[in-house]
Amino acid sequence: MRAFVVAKDGTTDDLEGNRIFFSFQNFKEQVCVKGSCFVCGAPHSRKKFNDEHVFPDWVIRRCGLQNSKFTLTNGELVPYTTYKIPCCQTCNTQLSAIYETPISKAFHQGYEGLLKFMQDGNASLIKAWLSLIFLKVHLRDFKNKVVLDERLKLGMIGDHYDLHELHHIHAVARAATAGVAINDNVFGTLAIFKIESSEDDDGFDYCDSLTGRGLLLRINDIALLHILDDCGGTAGMLSKRLEVLPHPLSQLQLREVYAHHIAANVHIRNRPVFRTEVPLGKQPQISVELPDFELHEYDPSVFGSLFAGVIGTMIAHIVVDGAKGDEALEKIATGQVSFIFDENGNVRRESSGRGH
Ligand SMILES: [Zn+2]
């Protein structure tokens with residue numbers, strides 16, 4: 001029978017010393033601030049570390065990003081290959097076996113192959129993997145300055161995060177490494193899309209929202225969208241609105257679909273309550289208490305501002321009712337502009353936007 005040791009703050013280990021559950025405090029102090037191994041909690045003094053790529057190594061190679069850099073919100077340019085977070089060698093190997101090896105193989109089969117992989121019972125694996133990427137991106141922000149100017153003492157980006165949601169996402173992402181089961185109801189919405197490829201494009205795209213607890217990951221012509229903590233709620237809310245979508249989607253349309261999902265998640269009033277249960281003699285598991293489903297009144301400007309916020313450099317190619325640049329962005333922020341549907345709600349043929 002498996003037995004567990006529960007510390008005063010709720011942190012739970014098994015008798016071999018494997019971490020089953022990080023209390024909120026333990027997660028915050030050891031993982032976020034001190035930079036212990038983010039999977040098992042071991043300090044640098046106790047284990048050999050080789051660190052974990054925030055964006056998986058196979059993704060970097062698949063998209064040809066070995067010599068590419070990306071821009072952080074503070075303006076710093078960082079190479080994909082050295083963008084890592086603290087992780088011990090044992091956990092790094094374990095993460096590869098659980099996630100990267102099977103998932104990279106599935107991606108190798110293309111859109112149809114990955115779709116089949118998901119339909120064959122691996123959707124939860126993909127969701128946990130996307131939770132892992134989201135987690136890593138935000139943990140890395142504990143080493144990223146808010147501003148690069150040293151004279152302004154604004155600390156690290158991560159210092160300003162509310163960590164409660166990230167604590168749950170951490171539990172989901174590492175559950176498989178600790179023999180913790182995840183109840184099916186815990187997982188959120190996952191969608192897969194085939195994307196139009198374009199020439200001036202490096203094949204990789206990532207954006208996420210801590211406010212909307214969602215992320216978008218594109219690897220060449222395949223995009224995955226995941227809402228981490230809606231327990232499937234946003235899919236239900238958007239099933240009518242996004243019933244028929246172009247296939248493939250343009251990259252701008254993909255951002256619009258993503259913004260709809262994170263906006264929908266923000267509109268859910270009663271949040272699910274997650275917990276890790278350690279029942280005596282049974283496998284520990286993450287479970288959820290689902291409250292009655294209630295929504296805030298729909299505010300199109302919530303969608304609009306989230307959509308405007310993820311358009312980025314695409315704005316250079318966008319015209320909305322004759323407006324360009326910031327003026328176009330302002331129109332998009334009202335939430336009344338669509339690049340997917342025309343004023344009658346039919347799917348557009350061309351991807352220029354118009355208000356309706
Ligand atoms: Zn470790």
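The values are calculated or read from the model by the stated rules, or taken from the named source; none is laboratory data. Being a predicted model, the structure only gives us computed values, none of them experimental. In case anyone asks, the SASA skips ligands and DNA or RNA and just uses the protein heavy atoms, side chains included. Shrake-Rupley method; radii C 1.70, N 1.55, O 1.52, S 1.80 Å.
As a size descriptor, the averaged projected area of the C-alpha convex hull of the chain was calculated at 19.5 nm².
Residue-wise HN-Hα couplings along the stretch 173-179, as the Karplus relation 6.51 cos²θ - 1.76 cosθ + 1.60 with θ = phi - 60° gives them from phi, are 4, 9, 3, 5, 6, 10, x Hz; Gly and Pro carry x.
Averaging the sequence gap over all C-alpha pairs within less than 8 Å and six or more residues apart, then dividing by the number of residues, gives the chain a relative contact order of 12 percent. No solvent, one uniform scatterer per C-alpha: report log10 I(q)/I(0) for the stretch 249-324 via the Debye equation at q = 0.22, 0.25 1/Å, two decimals. Debye curve over Cα of the stretch 249-324, log10 I(q)/I(0) at q = 0.22, 0.25 Å⁻¹: -0.99, -1.12.
Mind scanning Lys69/Lys136; Lys194/Lys331; Lys34/Lys136; Lys28/Lys143; Lys47/Lys84; Lys48/Lys127 and naming the pairs with a C-alpha gap bigger than 19 Å? Lys194/Lys331; Lys48/Lys127, as the Cα separations exceed 19 Å there. Averaged over its residues, the chain has an accessible area of 48 Å² per residue, based on protein heavy atoms and a 1.4 Å probe.
For the stretch 43-87, what mean projected area does the convex hull of the alpha carbons give, in nm²?
3.9
Computed from the alpha carbon positions, the gyration tensor of the stretch 254-296 leads to an equivalent ellipsoid with semi-axes of 31, 14, 5 Å, biggest first. Residues whose amide H falls under 5 Å from that of Ile222, counting only those 5 or more places apart or on a different chain, are Ile195, with hydrogens built in the peptide plane. Taking only the alpha carbons of the stretch 96-233, we obtain Rg and Dmax values of 16.4, 54 Å in that order.
Per-residue 3J(HN,Hα) values for the stretch 281-298, derived from phi via the Karplus relation 6.51 cos²θ - 1.76 cosθ + 1.60 with θ = phi - 60°, read x, 10, 5, x, 8, 8, 10, 9, 9, 8, x, 4, 6, 10, 10, 6, 4, 5 Hz in sequence order (x marks Gly and Pro).
The HN-Hα couplings worked out from phi for the stretch 9-26 by the Karplus form 6.51 cos²θ - 1.76 cosθ + 1.60 (θ = phi - 60°) are 7, x, 4, 10, 10, 8, 5, 7, x, 7, 6, 8, 9, 8, 5, 4, 4, 5 Hz, whole numbers, x standing for Gly and Pro.
Across all Cα pairs in the stretch 1-125, the calculated P(r) in 10 Å bins from zero up to the longest distance comes to 11, 29, 33, 22, 5, 0 percent per bin. Shown are Phe38, Phe341, whose ranking by accessible area with a 1.4 Å probe and every protein chain present, most to least, is Phe341, Phe38.
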